[in-house]
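Enquirer: Right, I'll just put the structure down here and ask away after.
Bear in mind that the values in this text are calculations on the coordinates, not laboratory data. On a predicted model such as this, the values are computed, not experimentally measured, just so you know.
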Amino acid sequence: MQCLWFCFKNILQADLDSVKDNWNSHYIRRSRHDTIPGRPNELYYLPENSGFQDHKCDVSEEQLRDMGIYCELPDDDNTFEQYFGYVMESQNLVPPSTWREALFLYNNLMHFADPEL
């Protein structure tokens, strides 16, 4: 599973970022339903331009530290990432830019991990 994530994570993230950018910059038209017209990015970052109020408030570093005691962050154990990076470097493999390249990389890394596969 770690190998699959290593190979496809950047491809997936790029697609998710593209959808986010596209969705948040498109115009939502007026409707008789409970929707607010405008571009989501503008509504969030510049609510006053659409006649709304900005209700965000600043949070101090002290407040962040105080709340940090209630958060559990996962261990950042990147042993697999280091291993796959080492194999890529030693085998002159390049990071994938398409899903086909990611699949090819996955198959190669799995073969190096277990040649009987």
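Enquirer: Quick one: what Rg and Dmax do you get for the chain from the alpha carbons, in Å?
Expert: According to the Cα coordinates of the chain, Rg and Dmax are 22.1, 64 Å.
Enquirer: Another question, then. How far is helix 79-90 tilted off the main Cα axis of the chain, in degrees rounded to 10, range 0 to 90?
Expert: Orientation of helix 79-90: about 60 degrees from the principal axis.
Enquirer: For the chain, modelled as a Gaussian network with Cα springs under 10 Å, which listed residue fluctuates most, Gln53, Gln63, Gln91?
Expert: Gln63
Enquirer: Same structure, new question: How far is helix 99-113 tilted off the main Cα axis of the chain, in degrees rounded to 10, range 0 to 90?
Expert: 40 degrees
Enquirer: Sticking with this structure for a sec: Expressed as a whole number of Å, what is the distance separating the alpha-carbon centroids of region 8-48 and region 97-117?
Expert: Centre-to-centre distance over Cα atoms comes out at 35 Å.
Enquirer: Compute a Gaussian network model of the chain, connecting alpha carbons closer than 10 Å, and tell me which residue from Gly38, Gly51, Gly85 fluctuates the most.
Expert: Evaluated over the chain, the most mobile residue of the options is Gly51.
Enquirer: Could you tell me whether region 28-70 comes out rounded, prolate or oblate from its Cα gyration tensor? Rule is a ≥ b ≥ c as square roots of the eigenvalues, rounded for a/c under 1.5, then prolate if a/b exceeds b/c, otherwise oblate. List each step's numbers first, then the result.
Expert: Numbers: a/c = 4.10, a/b = 2.70, b/c = 1.52.
Taking the square roots of the gyration eigenvalues as a ≥ b ≥ c, region 28-70 is prolate.
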